[in-house]
Amino acid sequence: MIDSDLMDLYQEIILDHGRHPRNHRDVPGATHEARGHNPLCGDNVKVQVMLVDDKLSDIAFTGNGCAISQASASLMTDVLKGLSEQQARELIVAIQALLKGEEPSTDPALADAIDRLMPLSGVSGFPMRVKCATLAWHTTRSALDGQTAPAKTE
Amino acid sequence: MSVSLVHNAKRPFDVDVIRADFPILSRTVYGKPLVYLDSAASAQKPDCVIEAEGNVYRQSYANINRSAHALAGEATVAFDAARARIARFLNAKSSDEIVFVRGATEAINLVAHSFVAPILGAGDEILLTELEHHSNIVPWVMIAKEKGAKVVAVPIDEDGSVPLSGFAERISARTKFISIAHASNVLGTILPVAEIIALAHARGIPVLVDGCQMAPHGKIDVQALDADFYVFSGHKIYGPSGVGALYGKMAHLSKMPPYQGGGSMIDEVSFDRVTFADPPARFEAGTPAIAQAIALGVAIDYLNNLDWPGVHAHEADLLAYATDRLREVNSLRLFGQSQNRAAIIAFEMPGIHAHDLATIVDREGVAVRAGHHCAQPLMKRLGVHATARASFGIYNRRDEVDVLVSALRRAGELFK
């Protein structure tokens with residue numbers, strides 16, 4: 001029998017996104033781009049965003065890492081695509097709460113987005129893995145901030 | 001002196017007797033017995049070491065080499081006795097050749113700063129190997145950059161061994177220093193250190209040996225190796241964290257400038273002039289890790305009292321058994337299968353990242369390391385981003401390998 005916390009962490013949807021990450025590609029002519037790196041484990045990610053009229057018309061990532069980091073990046077791109085920059089930034093804050101096992105407080109308009117990110121909540125039972133899940137989100141924030149230095153989880 | 005030191009009579013090796021010395025091994029994680037296979041990162045501590053550190057504080061704690069009172073005297077005597085134990089463990093000629101440091105990292109930085117930097121010029125080279133730990137790469141890259149010098153890495157073979165020819169081909173008039181692991185923290189490869197040193201000395205090149213992964217597996221003879229410097233960390237040889245040792249030939253140490261300035265390392269001080277103490281005090285600025293150093297001496301006593309032929313046979317058996325059992329796990333890829341290895345196995349399971357693997361086996365109570373093992377150049381050489389690693393200590397058993405293997409199979413099922 002497999003431990004129930006493990007089943008929460010590696011839900012089928014997480015395994016699926018980990019194996020077949022969505023939007024794992026380049027965004028040609030991206031307006032925003034950043035690289036992220038977890039120096040302790042070596043995971044790395046590049047996030048590219050196309051921001052048109054305050055809307056994330058496209059977002060994609062490349063890089064490599066564990067199933068959690070890949071699934072988180074994949075779900076992130078799925079969920080953020082089509083949102084406004086302000087909404088994307090709100091979700092980046094909300095996901096931190098979710099990964100710590102707290103109730104994320106957001107705009108009711110984002111309730112559906114939060115629902116779609118719930119499969120990541122199993123990470124909260126694994127404090128050593130939270131950084132795997134946050135890497136892509138930190139990197140997206142760096143991209144939106146227009147920062148050139150790579151985002152780091154340390 | 002009231003700091004008690006262990007003097008067990010030598011007993012034939014029995015892993016269950018050893019296990020009883022390590023209290024942490026009887027705990028459970030997630031309701032399962034702990035299977036600790038991460039000793040290469042840090043080894044667990046026997047009761048005598050834990051007690052010794054506590055007893056320093058309970059009975060004989062004061063700053064050393066300073067005050068004249070009874071406690072200061074007891075602490076100083078115990079601290080010096082620990083230094084003498086390390087000297088014997090390494091077979092150094094004299095205790096004065098042993099410098100207490102925070103660990104191997106500080107020891108290597110000390111040698112880089114005080115021995116190598118002053119002799120390094122633009123265009124000079126420092127020779128390492130591809131399998132070094134970051135602690136034996138970064139200090140050299142830092143001083144090389146400062147001096148316009150270059151770090152050259154001797155390549156490893158497909159099986160993870162480091163052939164002597166790689167050194168012979170790269171040593172040149174520009175080579176000023178060689179710094180190599182005695183054993184790899186990822187592949188377990190034991191390097192032909194004595195031969196490398198002989199080759200280097202024939203060209204007048206001094207050699208530092210990073211003994212972090214070798215010292216846990218038996219006594220070291222720095223004189224037989226003819227090492228110029230030998231370093232290890234206390235926490236990897238069943239001693240406390242925060243303390244380690246640098247061995248240096250007195251001929252080198254006596255000529256080296258200090259690494260840090262402060263208390264304890266001086267002869268005379270005024271505002272315009274300072275003269276320095278002789279080694280080892282010259283390199284021990286400030287109050288050291290007193291209780292930890294004394295407890296490290298006790299860890300060395302513990303090791304000295306082991307039946308080493310028995311330990312070696314046990315570790316060799318574990319390594320062979322683990323290698324065979326891991327090979328049975330479908331698609332598992334083992335890295336570094338050189339003939340002469342310490343009890344360390346790095347592996348990966350295609351389709352499962354090492355971090356996921358480590359998290360899954362952890363829930364079965366199994367502690368393994370996952371990641372780049374502070375050896376990114378080696379990961380690049382192996383063509384991977386990360387691996388999992390099982391490393392064995394004197395207290396591990398075959399049945400723990402079985403637990404690892406079934407946990408890995410479980411991971412395979414979860415990710416299939």
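The values are calculated or read from the model by the stated rules, or taken from the named source; none is laboratory data. Since the model is a prediction, treat every value here as computed from it, not as a measurement. Cβ sites come from the backbone with ideal geometry, for glycine too, and all protein chains shown count toward neighbours. Side chains included, ligands, DNA and RNA excluded: accessible areas come from the protein's heavy atoms. Shrake-Rupley method; radii C 1.70, N 1.55, O 1.52, S 1.80 Å.
Taking 0.36 nm per residue of separation and subtracting the Cα-Cα distance, full extension of the segment from B:H201 to B:T323 would add 40.3 nm.
Under the rule a/c < 1.5 gives rounded, and otherwise a/b versus b/c splits prolate from oblate, where does chain B land using the Cα gyration tensor? Present the calculation step by step, with values, prior to reporting the outcome.
Numbers: a/c = 2.01, a/b = 1.21, b/c = 1.66.
Since a/c reaches 1.5 but b/c is at least a/b, the shape of chain B is classed as oblate.
Separation of segment A:26-64 and segment B:263-292, taken as the distance between their Cα centroids, equals 52 angstrom.
Counting only complete DSSP H runs, which helices of chain B cover 27 Å or more along their long axis at the Cα atoms and score a mean Kyte-Doolittle of -1.0 or above?
B:70-90, B:308-328
Averaged over its residues, the protein assembly as shown has an accessible area of 40 Å² per residue, based on protein heavy atoms and a 1.4 Å probe.
Distance from the alpha carbon centroid of segment B:135-178 to that of segment B:236-253 works out to 23 angstrom. In segment B:53-304, a dipole from Cβ-located charges (positive for Lys and Arg, negative for Asp and Glu) runs towards its positive end, and of B:F229, B:Y57, B:A104 it is B:Y57 whose Cα lies farthest in that direction. Think of it as helices only: each DSSP H run of n ≥ 4 in chain A is worth -39500 (n - 2.57), and spread over all residues that comes to -13000 deg cm²/dmol at 222 nm. Annotation for B:R11 and B:A168: the two label points, set 7 Å from Cα along the Cα-Cβ direction, are 4.9 nm apart. Set the Förster radius R0 to 51 Å, insert the Cβ-Cβ distance between B:K255 and B:K380 as r into 1/(1 + (r/R0)^6), and round the FRET efficiency to 0.05. With R0 = 51 Å, the Cβ-Cβ based efficiency is 0.85.
Mind checking the mean number of beta-carbon atoms from other chains within 10 Å of the Cβ atoms in A:40-48?
Details: counts 3, 9, 10, 6, 1, 0, 0, 0, 0.
Mean partner-chain Cβ count within 10 Å for A:40-48: 3.
Per-residue Karplus couplings for segment B:276-285, computed as 6.51 cos²θ - 1.76 cosθ + 1.60 with θ equal to phi - 60°, are listed in order as 9, 5, 6, x, x, 4, 4, 9, 10, 5 Hz, Gly and Pro entered as x. In terms of packing, defined here as the mean over residues of other Cβ atoms within 10 angstrom, the peptides B:309-319, B:188-198 line up highest first as B:188-198, B:309-319. Note on segment B:53-304: antiparallel DSSP beta bridges, both residues inside, total approximately 45 percent of the bridges counted. Computed over protein heavy atoms with a 1.4 Å probe, the carbon and sulfur contribution to the accessible area of the protein assembly as shown reaches 52%. Over chain B, what is the relative contact order in percent, taking alpha-carbon pairs closer than 8 angstrom and at least six residues apart? For chain B, the relative contact order is 24 percent.
Enter the buried accessible area of the B/A pair, total of both sides, probe 1.4 Å, in Å² rounded to the nearest 100. Buried: approximately 1600 Å² between A and B.
Calculated [222 nm] ellipticity per residue, helices only, for chain B: -11000 deg cm²/dmol; basis is -39500 (n - 2.57) per DSSP H run with n ≥ 4, divided by all residues, nearest 500. Computed about the Cα centre, the dipole magnitude for the protein assembly as shown is approximately 820 debye when only Lys and Arg (+1) and Asp and Glu (-1) carry charge, each at its Cβ.
Could you grab the relative contact order for segment A:4-145? Cα pairs under 8 Å, six or more apart, rounded to a whole percent.
31
Of the trypsin sites (Lys or Arg not before Pro) found in segment B:237-306, those in coil by DSSP whose Cβ has at most 16 other Cβ atoms within 10 Å are B:K255, B:R273. Spin-label model, B:N340/A:R25: points 7 Å from Cα along the beta carbon direction are separated by 5.4 nm. For segment B:230-332, chymotrypsin sites (Phe, Trp or Tyr not before Pro) meeting the loop criterion (DSSP other than H, G, I, E, B) and having at most 11 other Cβ atoms within 10 Å: B:F271. Starting from the 7 Å offset along Cα-to-Cβ, what nm value, one decimal, do you get for the label separation of B:R409 and B:N65? For B:R409 paired with B:N65, the spin-label model returns 5.7 nm. Across peptide B:363-376, the mean count of Cβ atoms from other chains lying within 10 Å of each residue's own Cβ comes to 2. Judged by the gyration tensor of its Cα atoms, with axes a ≥ b ≥ c, segment B:355-395 is oblate; a/c meets the 1.5 cut and b/c is at least as large as a/b.
DSSP beta bridges confined to the protein assembly as shown are antiparallel in about 65 percent of cases.
So how far, in whole Å, is the C-alpha centre of segment B:22-71 from the one of segment A:82-151? Each part reduced to its Cα centre gives a spacing of 41 Å.
How high is the relative contact order of segment A:56-107, given as a whole-number percent (alpha carbon pairs under 8 Å, six or more residues apart)?
Numbers: 29 pairs, mean separation 17.4, N = 52.
Once divided by the residue count of segment A:56-107, the mean separation gives 34 percent.
Per-residue Karplus couplings for segment B:239-245, computed as 6.51 cos²θ - 1.76 cosθ + 1.60 with θ equal to phi - 60°, are listed in order as x, x, 7, x, 9, x, 9 Hz, Gly and Pro entered as x.
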